[in-house]
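Derivation of every value follows stated rules applied to the coordinates shown; laboratory data play no part. None of the values given here were measured: they were computed from a predicted structure. Backbone-built Cβ (ideal geometry, glycine too); neighbour counts: all protein chains shown.
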Amino acid sequence: MQYGPDPNSIYPNQNIKSICFIKNVIKRSNIIVGDYTYYSDPDGPELFEEHVTHHYEFIGDKLIIGRFCAIAKGIEFIMNGANHRMCSVTTYPFNIMGHGWEKATPALEDLPFKGDTVVGNDVWIGQNVTVMPGVNIGDGAIIAANSVVTKDIPAYHIAGGNPCKIIRKRFDDELITYLTELKWWDWPEDKIFNNLEALCSGDLTRIAP
């Protein structure tokens, strides 16, 4: 018996080619994406990697996205390669222009480094959102359209704006703790299938053991 779409398919629904499972189209080893996370873009969801910019293997940072995330068109993950040296008189990157200017190539330790960018599980990111380097977005968070995420967003919080700020919690602290420990996204396919109505209703008493 099939318990939902094949997580290894590019298009979960062959009739909707504007949505693809990201895991199955990425080629870079420094991007890690969980099952069922999708990118929606009528202009080519398969081009998700083009929305991860300034991402160079020699820098060593990773983009890590969990399972069951929904990411809308216009996303941009800006990675650490976008950073310029700020401890010098000028921030201008002479070295990348060549023609002798490469003598001013900065040491990696002189460049700001914010670490990996991490998006949790079951995160919804609206249209035209920019995520800055090193940001952590918690499980179950919602990021409003046109936001610029410059700081960490806690699990099960709604945030928006430029710069992105917390708008409110999705649930009370007790329920957030319960859901964080429940980790339904790690359940086997059949258990998710058998609990779909409960997961989509918010009535946790309906969840089968």
Original post:
Roughly what would the spin-label model give for Gln2 and His99, points 7 Å off Cα along C-beta, in nm?
Top reply: 5.8
Subject >> chymotrypsin sites (Phe, Trp or Tyr not before Pro) restricted to DSSP loop in the stretch 7-112 with at most 15 other C-beta within 10 Å >> reply: Tyr56, Phe58
Original post:
Once both axes come from the Cα atoms, what is the angle between helix 173-182 and the longest principal axis of the chain, in degrees from 0 to 90, rounded to 10?
Top reply: 90
**OP:** Please find, in a Gaussian network model of the chain (springs between Cα atoms separated by less than 10 Å), the residue of Leu47, Leu175, Leu63 whose mean-square fluctuation is greatest.
**Re:** Leu175
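Compute the signed sum of charges (Lys and Arg +1, Asp and Glu -1) over the other residues within less than 15 Å, Cβ to Cβ, of Tyr39.
So the environment of Tyr39 carries a net charge of -1.
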Subject >> At R0 = 25 Å, FRET efficiency that the Cβ-Cβ distance of Thr91 and Lys165 yields, to 0.05 >> reply: 0.40
Original post:
Summing Lys, Arg as +1 and Asp, Glu as -1, what charge do residues with Cβ under 11 Å from the Cβ of Arg67 carry, Arg67 excluded?
Top reply: -2
Original post:
All other residues with a Cβ under 11 Å from the Cβ of Pro93 taken together, and with Lys, Arg as +1 and Asp, Glu as -1, what is their net charge?
Top reply: 0
Subject >> Normalised contact order of the stretch 1-78, rounded percent, pairs of Cα under 8 Å and 6 or more residues apart >> reply: 29
Subject >> GNM result for the chain, Cα springs below 10 Å: residue of Gly138, Gly34, Gly60 fluctuating most strongly >> reply: Gly60
Subject >> Residue-averaged 222 nm ellipticity for the chain, from DSSP H runs of 4+ at -39500 (n - 2.57), nearest 500 >> reply: -2500 deg cm²/dmol
Original post:
For the stretch 63-188, what is the relative contact order in percent, using Cα pairs closer than 8 Å and at least 6 residues apart in sequence?
Top reply: 21
Original post:
Counting alpha carbon pairs within less than 8 Å and at least 6 residues apart, what relative contact order, in whole percent, applies to the stretch 56-135?
Top reply: 48
Original post:
If you take the beta carbon distance between Ala107 and Lys151 as r and set R0 to 35 Å, what does 1/(1 + (r/R0)^6) give as a FRET efficiency, to the nearest 0.05?
Top reply: 0.80
**OP:** Mind giving me the nanometre distance, one decimal, between the label points for Thr177 and Gln14, set 7 Å out from Cα along Cα→Cβ?
**Re:** 4.8
Original post:
What GluC sites (Glu not before Pro) does the stretch 1-65 have in DSSP loop regions with at most 12 other beta carbons within 10 Å?
Top reply: Glu57
